[in-house]
1. Just the residues that are part of a strand (DSSP E or B) and free of Cβ contacts under 8 Å to residues at least 24 places away in the same chain, please, taken from segment 106-131.
2. Taking only segment 110-146 into account, find how many residues are among the acidic types (Asp, Glu) and under 15 Å from LEU69 (Cα atoms).
3. So which residues in segment 53-105 are free of Cβ contacts under 8 Å to residues at least 60 places away in the same chain, assigned to a helix (DSSP H, G or I), small (Gly, Ala, Ser) and closer than 22 Å to PRO150 by Cβ, if there are any at all?
4. Of the residues that make up segment 190-198, is at least one closer than 15 Å to LEU109 by Cα, surrounded by 14 or more Cβ atoms within 10 Å (Cβ to Cβ), touching a residue at least 60 places away in the same chain (Cβ under 8 Å) and under 19 Å from the mean Cα position of the chain (by Cα)?
5. Quick one: VAL44 ticks every box in (1) closer than 17 Å to HIS197 by Cα; (2) under 19 Å from the mean Cα position of the chain (by Cα); (3) in a helix (DSSP H, G or I) bar one, so which box is it?
6. Would you pick out the residues in segment 161-176 that are at pLDDT below 95 and either within 18 Å of the chain's Cα centre (by Cα) or among the aromatic types (Phe, Trp, Tyr) (or both)?
7. Scan segment 176-187 and report the pairs whose first residue is free of Cβ contacts under 8 Å to residues at least 12 places away in the same chain and whose second residue is surrounded by 14 or more Cβ atoms within 10 Å (Cβ to Cβ) and of a type in the set (Lys, Arg), with Cβ atoms within less than 9 Å and a gap of 6+ or a chain change.
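The values are calculated or read from the model by the stated rules, or taken from the named source; none is laboratory data. Values in this document were obtained by computation on a predicted structure and should not be read as measured data. Here the Cβ positions follow ideal geometry from the backbone for every residue, glycine too, while neighbour counts run over all protein chains shown.
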Amino acid sequence: QAPLAVRAAEAGCHLLLDKPVATTPALAAEVDAAASRAGVASVVFFTLRFSPTTADWIDAQAATGDWLLGRADWLSPVFGGADSPYAASPWRKERGALWDVGPHALSVLLPVLGDVVDVAAVAGPGDTVHLTLRHHGGSSSAVTVSHTVPPAAAGVTAEVRGPSGVATLPEREEPPVEAFGRAVDALLHARRTGLPHACDLRFARRVTEILAAAEAALGAVPDVGGASPTVR
């Protein structure tokens, strides 16, 4: 979608994009720059940021601001034996869970714990990837993503821990199509007011940089290009 997004921005169109906005930092930067030059609004659809139950939880934990540790597990059986319509997706087969559901995990952790300054990554079975992230300010988090767990092992969990105790991400209570409608409303609001949304291209670009750094740490891509955190 990145080349199309650049063309749309250059034509003066406001941008509602899916995550990840691109799979290389260079492409993400190109889209971001095109939108900035054209002065168009942008929103990238990170589902949980537009569902009230989960979005309110993220905002509440970000306001607390004293978290030390975080964890997010996005474990899917798409290629692990489930009867899933997503199993026919060539893109998911090629890029794996890191790029498909990794953005969801980061969309929850980054607003709460802050930007990532260091990334370590280890491959697990199938397309499973384990990430350890150090955040600005000293907190840390662990992320596991997979599309190859068996159905009995699937699930989504996220939590943060600190002096305030333990806070666990609630389950989303509405279908994605309703959250998508809120993303459309958010884009219209950004266009009317000129105020950037929290899930704009700048945020999406940062997500791409972090995931590309993780991919480089796995040895999958020798040169991710663009700005990125330290990799180990």
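1. Passing the criteria: only HIS130.
2. 2
3. Result: ALA87, ALA88, GLY96, ALA97, ALA105.
4. Looking through segment 190-198, at least one residue is closer than 15 Å to LEU109 by Cα, surrounded by 14 or more Cβ atoms within 10 Å (Cβ to Cβ), touching a residue at least 60 places away in the same chain (Cβ under 8 Å) and under 19 Å from the mean Cα position of the chain (by Cα).
5. (3)
6. Those that are at pLDDT below 95 and either within 18 Å of the chain's Cα centre (by Cα) or among the aromatic types (Phe, Trp, Tyr) (or both): GLU171, ARG172, PRO176.
7. none
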